[in-house]
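Enquirer: Here it is, the structure, as structure tokens.
The values are calculated or read from the model by the stated rules, or taken from the named source; none is laboratory data. It should be emphasised that the depicted structure is a prediction, and the values quoted were computed from it without experimental measurement. Virtual Cβ from ideal backbone geometry, glycine too; neighbours counted across all protein chains shown. Only protein heavy atoms, including side chains, enter the accessible area calculation; ligands, DNA and RNA are left aside. Shrake-Rupley method; radii C 1.70, N 1.55, O 1.52, S 1.80 Å.
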Amino acid sequence: MSGKVYCAIGLMSGTSADGVDAAYIETNGHGFVEAGEAVVVPYTADFRRRLLAVMGKSEGPSLPEIEKELTELHAQAVDILLTQMGKTAADIDVIGFHGQTIFHAPQEGRTLQIGDGAALAATTGIDVVNDFRSADVAAGGQGAPLVPLYHAAIASAWPKPCAIVNIGGVANVTYIDNRHSRESGNLETIYACDTGPGGALIDDAMQELLGLPHDQDGAIAASGKVNEALLTAWLADEFFARPAPKSLDRNHFKNKIQIGDLMPDEVAATLTEFTAHSIAASAVLFSAPPQLWIITGGGRKNHHLMQRLAATTIAPVRDISEMGFNGDALEAQAFAYLAVRHKLDLPLSLPTTTGVPVPTRGGKFYAARATG
């Protein structure tokens, strides 16, 4: 290990928009990472409803108030995590504040994550890095996914090639292959892209049809029958024909998924199969089949989805907890890691992860308010 080790907190509110994940790590911004404690601070049903209502919008009269509340909730998450760890703001070098993506159209050169970095720095008394995606999109990249460099940092001892899949509202994959690194003298080859839907379509359908926030453990899907005709039609969407790297807005399929008169269990079963098949199909984008699929994010808790993934992939499927990492905290940890890389003036994205022309730095820095 070389270089200074930084103490960092990462904050993540993902496409599921169900709460704040806050996680602590210690890292040199390169290959050394030591993951620490984490907390989850759920959103109230009312705030989540209002947050989901602004998804897909790049402006609107309600955005300033939503952003203010969101920032305050993230500050609360920092306070809760510090208290849990017995640490103070003085013990933390930087916060990586992802914010909430509400609009993502990289083909138009636009992406928007709400969250007030200056206010968070002032409230917490800790330096903040946020707005991680804009520089990549401005340079011609997809702006997502941004977790692959962190995945590579923690996966050094895992079998290669391997695929690490984060299943949030949207699913994304990081493919790591070290077969040629010795000959070329390069580091591991890292490829990444969004694969398609994660849990957002399932969650939205359960809310609309049954008034439930999600399909607990995939039990409803497990009791239903897959509508093969609809599944085939959905998998024919133009997104899946695009080459990687590529990214997906949460609402891409919103007006394309027609469920007709299917029963709720059939809807859940077909949407779950859609997620499983689109993840497994990403293997065609890789140079060789993964020896192992490692699943992180909230989707790994959907037992039926995990079973369907195991049935549709060739290699074994593992929950990332089996590899010694907290799957609820991994994305938050990743943004803590990226905040440290920002401080070190290192790239956050690569041509093979977001399609950006050259390795690209990113993020905006906000200094903590001076105290005393």
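Enquirer: Using +1 on the beta carbon of Lys and Arg, -1 on that of Asp and Glu, and nothing else charged, what's the dipole of the chain about the Cα centre, debye to 20?
Expert: 780
Enquirer: Among Pro42, Pro243, Pro106, which one shows the biggest mean-square fluctuation in a GNM of the chain, springs joining Cα atoms closer than 10 Å?
Expert: Per the Cα network of the chain with a 10 Å cutoff, Pro243 tops the list.
Enquirer: By accessible area of protein heavy atoms, probe 1.4 Å, what ranking do Cys7, Cys193 get, highest first?
Expert: From most exposed to least exposed: Cys7, Cys193.
Enquirer: I would also like to ask the following. When ligands, DNA and RNA are left out and all protein chains stay put, how many square angstrom of accessible area per residue does segment 1-96 have with a 1.4 Å probe?
Expert: Details: 4350 Å² over 96 residues.
With the other protein chains kept in place, segment 1-96 gives 45 Å² per residue.
Enquirer: Toward the positive end of the charge dipole of segment 191-236, about the Cα centre and with charges on Cβ (Lys, Arg +1; Asp, Glu -1), which of Leu230, Met206, Cys193 goes farthest?
Expert: The residue sitting farthest along the positive end of the dipole is Leu230.
Enquirer: Within the chain, which whole H helices from DSSP have a Cα span along their axis of at least 27 Å and a mean Kyte-Doolittle hydropathy of -1.0 or more, if any? Intermediate values should be presented prior to the final figure.
Expert: Working: long enough: 63-85 (33 Å, 0.13).
Counting only whole DSSP H runs, the qualifying helices are 63-85.
Enquirer: Please list, ordered by chain and number, the residues whose modelled amide H lies under 5 Å from the amide H of Leu292; skip anything fewer than 5 residues away on the same chain.
Expert: The list, which skips near neighbours in sequence, is Ala163.
Enquirer: Among Leu305, Pro357, Ala339, whose Cα projects farthest towards the positive end of the dipole of segment 296-367, with charges put on the beta-carbon of Lys, Arg (+1) and Asp, Glu (-1)?
Expert: Looking along the dipole axis, the top candidate is Pro357.
Enquirer: Once you have the Cα-Cα distance between Ala90 and Asp261, take 0.36 nm times their residue separation minus that, and quote the gain in nm to one decimal.
Expert: My answer for the length gained is 55.8 nm.
Enquirer: On to the next question. Report the full-extension gain for the segment Gln216 to Glu37: residue separation times 0.36 nm, less the Cα-Cα distance, to one decimal in nm. Could you put the intermediate results ahead of the total?
Expert: Values: separation 179, 0.36 × 179 = 64.44 nm, distance 2.55 nm.
Result for the pair: 61.9 nm of gain on full extension.
Enquirer: A further question on this structure: What accessible area per residue comes out for segment 210-250, rounded to a whole number of Å², with a 1.4 Å probe?
Expert: Values: 2190 Å² over 41 residues.
I get 53 Å² per residue for segment 210-250.
Enquirer: If amide H atoms are built 1.01 Å from N in the plane of the peptide, which residues on other chains or at least 5 residues away come under 5 Å of the amide H of Thr195?
Expert: Result for Thr195 returns Ala171, Asn172, Val173.
Enquirer: With every protein chain in place, what's the accessible area of Met12 (1.4 Å probe, Å², nearest 10)?
Expert: 10
Enquirer: From the helices alone, meaning DSSP H stretches of at least four residues, give me the mean residue ellipticity at 222 nm for the chain, per-run term -39500 (n - 2.57), in deg cm²/dmol to the nearest 500. Intermediate results must be reported in sequence, preceding the final value.
Expert: Values: 13 runs with 125 residues, N = 372.
So the helix-based figure for the chain works out to -9500 deg cm²/dmol.
Enquirer: With Kirkwood's inverse mean 1/r over C-alpha pairs for Rh, give me the Rg to Rh ratio of segment 208-337, two decimals please.
Expert: With Rg and the Kirkwood Rh in hand, the quotient comes to 0.96.
Enquirer: For the pair Ala53/Ala241, report the inter-label distance in nm, with labels modelled 7 Å from Cα in the Cβ direction.
Expert: That separation, rounded to one decimal, is 3.8 nm.
Enquirer: Further question on the same structure: Of all the accessible heavy-atom surface of the chain, with the other protein chains kept in place and a 1.4 Å probe, what percent is carbon and sulfur?
Expert: 52
Enquirer: Given [x] 61, 49, 42; [y] 64, 55, 39; [z] 72, 54, 45, which label gives Cα extents along the principal axes in Å as computed from the coordinates?
Expert: Of the labelled values, this structure produces [y].
Enquirer: Dipole size in debye (nearest 20) for segment 38-91 around its Cα centre, Lys and Arg Cβ +1, Asp and Glu Cβ -1?
Expert: Result for segment 38-91 is approximately 200 debye, rounded to the nearest 20.
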